[in-house]
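Visitor: So that we are looking at the same thing, I have put the structure below in structure tokens.
The values are calculated or read from the model by the stated rules, or taken from the named source; none is laboratory data. Just so we're clear, the structure is a prediction, and the values are computed from it rather than from any experiment. Counting neighbours? That spans all protein chains shown, and the Cβs are built from the backbone with ideal geometry, glycine included.
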Amino acid sequence: MDLYRLAAPIYDLATLAWSGGAIWRTRAHALEHAKPGKTFFVPGTGTGRLALEAAGRGARTLAIDHSPAMLARARRRLARDRARRGPGAPAIELELREQSLAELEAPEGFDVVAAEHFLNVFRPDTMPAVRDRLIELTKPGGVFAIADFTPLRTDRARPARAAQALHHVIPLGGCSLLTRNAMHPIYDHGADLADRADLQLEACIDEPSFWIGPRWFRAWTFRKLGERPWVSR
């Protein structure tokens, strides 16, 4: 059964309405690295906007999702783009594949791996292994990009912290009801990955809701330095 069949028709509108475009802006930071000839991977592509934008910039893009309903919307988006470009336009390299991350075989890895609000669907006991797998799929010298909620600001007053936590819980709860995604606290990927010797944080950008609201959505950009094992300080 496709648990995303109910969420797929409203997903784009819901994320826009909830974040005022901030969710998309955190995702779009990965597109700075979508260049001709580069390989670009989007796990859990959803309705396919990021993958299509990356391919449109010349990146050889693979996007996977285990939801037929989400992929159907991504394929319709791709078909509309091809119709808009016209028959004489250069073909873009975008493969949309119904597949789970566990099933993916990519021994050569990718120049860019973009986890666009993807890690947020996993439980705390499984998310680190998924994140490690995505880092493994990133080529040395490549980019690992994460978009997610901004970690809870513990330096703020209690009402501000409560408002931020509630802003995370409400959409997470809605997704959990529709798709059985996990309920969990806000993840802090920057803190979690700070001790990895094979990653270097290049950018950490918070995007405001509706352009002027609180900055409760974050984009991290890491550079993978090599295949050295990571060690804790």
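Visitor: Would you please list the contacts, defined by Cβ atoms under 6 Å and residues six or more apart or on different chains, that run from a residue in region 125-143 that is more than 15 Å from Leu201 (Cα to Cα) and in contact (Cβ under 8 Å) with a residue 12 or more places away in the chain to a residue that is among the acidic types (Asp, Glu) and in a strand (DSSP E or B)?
Guide: Lys139/Asp111
Visitor: Can you pull out every residue in region 40-73 that is polar (S, T, N, Q) and part of a loop (DSSP other than H, G, I, E, B)?
Guide: Answer for region 40-73, where residues must be polar (S, T, N, Q) and part of a loop (DSSP other than H, G, I, E, B): Thr45, Thr47, Ser67.
Visitor: Hey, which of the strands (runs of 3 or more DSSP E) in region 124-233, taking only ones fully inside, have at least 3 residues that are surrounded by 19 or more Cβ atoms within 10 Å (Cβ to Cβ)?
Guide: 138-149, 217-224
Visitor: Here is a follow-up. Just to be sure I understand the filter: pairs with C-beta atoms under 6 Å, separated by 6 or more residues or on different chains, first member in region 179-203 and of a type in the set (S, T, N, Q), second member assigned to a loop (DSSP other than H, G, I, E, B). Which pairs pass?
Guide: Thr179/Leu3; Thr179/Tyr4; Thr179/Ala7; Gln200/Leu225
Visitor: Is it true that Gly37 is assigned to a loop (DSSP other than H, G, I, E, B), of a type outside the set (Ser, Thr, Tyr) and in contact (Cβ under 8 Å) with a residue 24 or more places away in the chain?
Guide: So Gly37 fails the test.
Visitor: Just the residues that are crowded, with 23+ Cβ neighbours inside 10 Å and more than 22 Å from Ala7 (Cβ to Cβ), please, taken from region 31-61.
Guide: Ala34, Phe40, Phe41, Ala54, Ala55, Ala59, Thr61
Visitor: So, Thr45, is that one hydroxyl-bearing (Ser, Thr, Tyr) and either at pLDDT below 95 or in contact with a Leu (Cβ under 6 Å, 6 or more places away or on another chain) (or both) or not?
Guide: No; evaluated as a whole, the condition is false for this residue.
Visitor: Please determine whether any residue of region 53-68 is of a type in the set (D, E, K, R) and touching a Leu at 6+ places or on another chain (Cβ under 6 Å).
Guide: Yes - at least one qualifying residue is present in region 53-68.
Visitor: I would also like to ask the following. Looking at Leu6 and the list (1) within 18 Å of Pro171 (Cα to Cα); (2) assigned to a loop (DSSP other than H, G, I, E, B); (3) at pLDDT 95 or above, which single condition is not satisfied?
Guide: Exception for Leu6: condition (3).
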